[in-house]
Every structure is written in C-alpha cells, then in structure tokens.
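Comments concern the structure below.
The values are calculated or read from the model by the stated rules, or taken from the named source; none is laboratory data. Predicted, not measured: the structure shown is a model, and the values here were computed from it. No Cβ is skipped: glycine too gets one built from the backbone with ideal geometry, and neighbour counts run over all protein chains shown.
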Amino acid sequence: MDRNAISRREALLGAASVVSVLSGCAAIRDDPPRAEIASVFVENRSTDPHRVAVAIEREGELVYLDSVTASPAEWDGDDLVYEGGAEIDAPVDGPGRYAVSVRIDDGPLHTIPQDELASDGGCISVRPNIERDGGFHFEYAYDSQQCASLDR
C-alpha cells in the first residue's frame, strides 16, 4: 500500500470532522441577529396631527407600549417646509429580536416583524412614516453612534 494514500476509514473520519465543524458554523449563522433600538421617530408628512400608539415586543413579549402625538407637517404647495413628527428616545434597553407595531389614530395596526427589523443586527432608529396622502410605511436607519452615546 502506498504511504501517501489514505484509507477509506481515514477519509470518512476526516469528512465527518469537516461536517461537524461546518454544522457548528451553520448553527452560528442561523442564530438570529439582535438589533438595538436607539429611538422610534414617527415622521408625519400629513398636515394633520396624528395620535400614534407604539408597541415593541422582544422575542414575543411586550416590553414597550405608549402613544405620542405626531405634530403636523407644513407644506408650501408641493414643497415640504417642515416635517412633523414625534420622537421616543431609548424605548427599550439592550439588543434583542424586536418587532415594532404602530397604530395611527384608530387605523389598522402596522407591524415590522423581528425577522425584517435590521435583519443584519446593529443599532437602529425605527421610523414609521405617515405620508401626506395618509399612506404609511416603515423605514429604519443605522446609527451606531447613537446607541454608544445612550446612558442606560
């Protein structure tokens, strides 16, 4: 037998160890990212003030519930002069898997699920947007400096 040749048993043992190492890496990658929420800033482009209820869940448990009044926007024809809104600083402590829900006035509940909120982790500011025509959408912005500066 050639000394440089490996036996079938050695090949299988080597393959088994590679698979176990790779499965450990896959398990690490499957661990969901954890975001930190620095703030929730409701942006209001409507000319009416709106009452906005904000709920935040961490891994299915309600950890924040409050409501704010988003100030109205000012428009000069088609030009936005002032974007109204309301800000909630540091609504929750620390990183986690969060879902954020908002209800504008008595309208439907809008939710950004934890799988979509900062799917790659990080420090974020969640921005629910009320459009001029009454439409709605979520945005979020990364801001690692904001989380670093929070005095928690």
Among the residues in segment 69-81, are any surrounded by 13 or more Cβ atoms within 10 Å (Cβ to Cβ), at pLDDT 90 or above and within 14 Å of the chain's Cα centre (by Cα)?
no
Could you tell me how many of the residues in segment 52-108 are assigned to a strand (DSSP E or B) and either under 25 Å from A35 (Cα atoms) or in contact (Cβ under 8 Å) with a residue 60 or more places away in the chain (or both)?
29
Of everything in segment 38-51, what is in a strand (DSSP E or B) and among the charged types (D, E, K, R)? Give them in sequence order.
E43, R51
For segment 38-60, indicate whether the set of residues that are aliphatic (A, V, I, L, M), over 20 Å from R103 (Cβ atoms) and under 22 Å from the mean Cα position of the chain (by Cα) is non-empty.
yes
Return the total of residues in segment 84-111 being surrounded by 15 or more Cβ atoms within 10 Å (Cβ to Cβ) and under 14 Å from F41 (Cβ atoms).
8
